[in-house]
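Asks: Got a structure here, written out as structure tokens. Questions coming.
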Amino acid sequence: MTERKLIRVREVMKTHFDMVNGMATVAEALEQMKHVETKSLIVDKRQDDDEYGMVMLSDISRQVLALDRSPERVNIYEIMSKPVISIDPEMDIRYCARLFERFNISRAPVVDNRKIIGIVSHTDMVLRGMEKLQKRN
């Protein structure tokens, strides 16, 4: 029996992500995006007992652009998903992929001690995960 190669979410997640305030307008949030590869924005907690939210660029496309709403008049909290499913950094990427499939999601924040430390997507798991597997063989 061959030994199973374990790759954890921590090894493939992106540690650069954009976080916004839920009260920001869509226009303000898009202006403050720092990372070119960003496909989602994490919505920060309002206080410690709150939960994180998330807005995908596809949400902005569907709920603002397609409906001809003004990005200067739509607040992030109006279009965000909250609470979001979060991933433990020590999770095996195979289980993470199964979780994504079960809940039909494409990316999720990686949370350690109730703080976001990264974001993981199918792309990260497939491309970075497969690359790591090949290097280990």
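Asks: If r is the Cβ-Cβ distance from Leu65 to Ile117 and R0 is 35 Å, what FRET efficiency results, to the nearest 0.05?
Replies: Numbers: r = 31 Å, r/R0 = 0.88.
FRET efficiency, Leu65 to Ile117: 0.70.
Asks: So for the range 1-136, taking the charge dipole from beta-carbon charges (+1 Lys/Arg, -1 Asp/Glu), which of Ile79, Val20, Ile105 sits furthest toward the positive end?
Replies: Farthest towards the positive end: Ile105.
Asks: Short version: ³J(HN,Hα) in whole Hz for each residue of the range 126-133, in order, from phi by Karplus 6.51 cos²θ - 1.76 cosθ + 1.60 (θ = phi - 60°), x for Gly and Pro, what are they?
Replies: Listing the rounded values in order: 6, 6, 6, x, 5, 4, 5, 4 Hz.
Asks: With +1 assigned to the C-beta of every Lys and Arg and -1 to the C-beta of every Asp and Glu, and no other charges, what is the dipole magnitude of the range 9-136 about the Cα centre in debye, to the nearest 20?
Replies: 500 debye
Asks: Something else: Relative contact order (percent) for the range 9-136, with alpha-carbon contacts under 8 angstrom and 6 or more residues of separation?
Replies: 30 percent.
Asks: Then there's this: On full extension of the chain, what length is gained from Gln47 through Asn21, given 0.36 nm per residue of separation minus the C-alpha to C-alpha distance?
Replies: 8.2 nm
Asks: Report ³J(HN,Hα) in whole Hz for each residue of the range 103-111, in order, from the Karplus equation J = 6.51 cos²θ - 1.76 cosθ + 1.60 where θ = phi - 60°; Gly and Pro get x.
Replies: Taking θ as phi minus 60°, the curve returns 9, 6, 10, 10, 7, 7, x, 9, 10 Hz for the range 103-111.
Asks: Separate question: What distance in nm separates the simple spin-label points at Leu99 and Lys135, each placed 7 Å from Cα in the Cβ direction?
Replies: The two pseudo-label positions are separated by 2.3 nm.
Throughout, read-outs are computed from the coordinates displayed, never taken from laboratory work. This one's a predicted model, so the numbers in the text were calculated from it and none came from an experiment. Cβ: placed from backbone, ideal geometry, glycine included. Neighbour counts: every protein chain shown.
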